[in-house]
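Accompanying notes for the structure given below.
The values are calculated or read from the model by the stated rules, or taken from the named source; none is laboratory data. Keep in mind it's a predicted model, so treat the numbers as computed, not measured. All Cβ positions, even for glycine, are placed from backbone atoms using ideal geometry, and neighbour counts span all protein chains on display. Keep in mind that these areas ignore ligands, DNA and RNA; they rest on the heavy atoms of the full protein, side chains included. Shrake-Rupley method; radii C 1.70, N 1.55, O 1.52, S 1.80 Å.
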Amino acid sequence: MARPITLFTGQWADLPFEEVARLAGEWGYDGLEIASWGDHLDPNRAAVDDDYVADRLAILEKNGLEVFAISNHLKGQAVCDDPIDQRHRDILPDSVWGDGDPEGVRQRAAEEMKNTARAAARLGAKVVTGFTGSSIWKYVAMFPPASQAMVDAGYQDFADRWNPIMDVFDEVGVKFALEPHPSEIAYDYWTTKATLEAIGHRESFGLNWDPSHMVWQDLDPVGFLWDFQDRIFHVHCKDTKKRLNGRNGRLSSHLAWADPRRGWDFINTGHGDVPWEDAFRMLNAIGYEGPLSVEWEDAGMDRLKGAPEALAFVREHALEASATAFDAAFSTKN
C-alpha cells in the first residue's frame, strides 16, 4: 500500500485552516501534518474540547483528508532554549510568552507540549513532530572554549525537561518525532546518538527525518535512515540546493533566504541535492509505512506552484517495494 502524502501546514498558517485544507484536497494530498499555530490547531483547546476536535476533523473530512501527525515545532523550541529572547517573542503566543521570564517561558512551553500529545490522541494522530530547543547550541563554534562538562550539562538539561513531557506521550499512546536540525539538541549524526542516549532510548521518542538539513552539512541522509531505522517516526520531503562556490559559505553569512550569496538554500522538493530515489528505496528497506509530508520552504518559488508540484514529484518517485522477487521467475518449479 502506498504511503500517504501529506502537506505540512506550518508555512501556510497565515491562511485559515479551512482554506489550506481546501487547497490540499483540490491538489490531491491524502492528508495534513497540522501545525499548532495560526488558527490551524490550538493544542490546549483540542486537549479538552470535544466540539473543537470534531470541527477540525469535519474540515478534514469535507476535503477528503486525514490527519497523520501534528506539529508543535515552535513551542517545543522554547522548552530547552537558552537564551530566550526576541526571536522567541516573535514565534510564541502570549499564553506561552507570559511576562517573558525565561524559565517561565520554558515551563509554559513544556506544558503545551504535554497538551499537544493529548490533542494528537484525541484527533487520532499517532505522531507529534517538533523541536526540543537546546541550551548548548550556542556553543557550536566551541569558542570561547566550552568544556565537556558544559556540553554534558546541556544533554542533562534536555533529559530533565523532556522526560516529564514524554511521560504524557506514553500515557496517551503518542510518539514524538524530533527533527534533527541546527539549533536543536540533535542536529547531526553524533548529536542524534547522544540525544537518544540522554533520553534513555525511550520507545516513544524518535525522529522526523528531514534530509534538507543534512545535505548542507554534508551528512548522508540515506545512511541516516539505515542507522536510525527503528526511530524514524515521520518523514519530511524538503530539499536543499548547495551553492558552495568559494565565496558562498556553509554558514551562509547571515544572509536572507534566496540571496544568491548564500552557500545553500531550502528549495522545493526535487529541485535540490537530496538523493530522493535512494531515500525512497531505503524507506522501503527499513519498512517505513508512515506519511511522506511535503514541507514547502522555497523563497524563490510561489507556494501555490510549489506545493502541487512537490506532490506530483513525490507521487512519481516514491517507489513501492516490489511484492515479487525478480529472480522468482527463474524457478522451474510450479
* To do: Only residues that are aromatic (F, W, Y), farther than 30 Å from C237 by Cβ and either open to solvent by less than 80 Å² (accessible area, probe 1.4 Å) or touching a helix residue (DSSP H, G or I) at 6+ places or on another chain (Cβ under 8 Å) (or both): list them for region 114-169, please.
  => Y139
* Out of region 251-288, which residues are in contact with a Lys or Arg (Cβ under 9 Å, 6 or more places away or on another chain) and of a type in the set (G, A, S)? -> S252, S253, A256, G263, G272
* Structure fact -> Checked region 12-21 for anything within 21 Å of N268 (Cβ to Cβ) and either surrounded by fewer than 17 Cβ atoms within 10 Å (Cβ to Cβ) or without any contact (Cβ under 8 Å) to a residue 40 or more places away in the chain (or both); matches are A13, D14, L15, E19, V20
* Exactly one condition in (1) crowded, with 19+ Cβ neighbours inside 10 Å; (2) of a type outside the set (K, R); (3) in contact with a strand residue (DSSP E or B) (Cβ under 8 Å, 6 or more places away or on another chain) is not met by V79; state its number. => (3)
* Asked: Quick one: would you say A109 is buried (at least 21 other Cβ atoms within 10 Å of the Cβ), under 16 Å from the mean Cα position of the chain (by Cα), at pLDDT 95 or above and not aromatic (F, W, Y)?
  -> no
* To do: Please note which helices (runs of 4 or more DSSP H) are completely contained in region 45-119 and include at least 2 residues that are free of Cβ contacts under 8 Å to residues at least 40 places away in the same chain and of a type in the set (A, V, I, L, M).
  => 50-62
* Residue list for region 281-323, restricted to those being assigned to a helix (DSSP H, G or I) and of a type in the set (G, A, S) -> A285, G306, A307, A310, A312
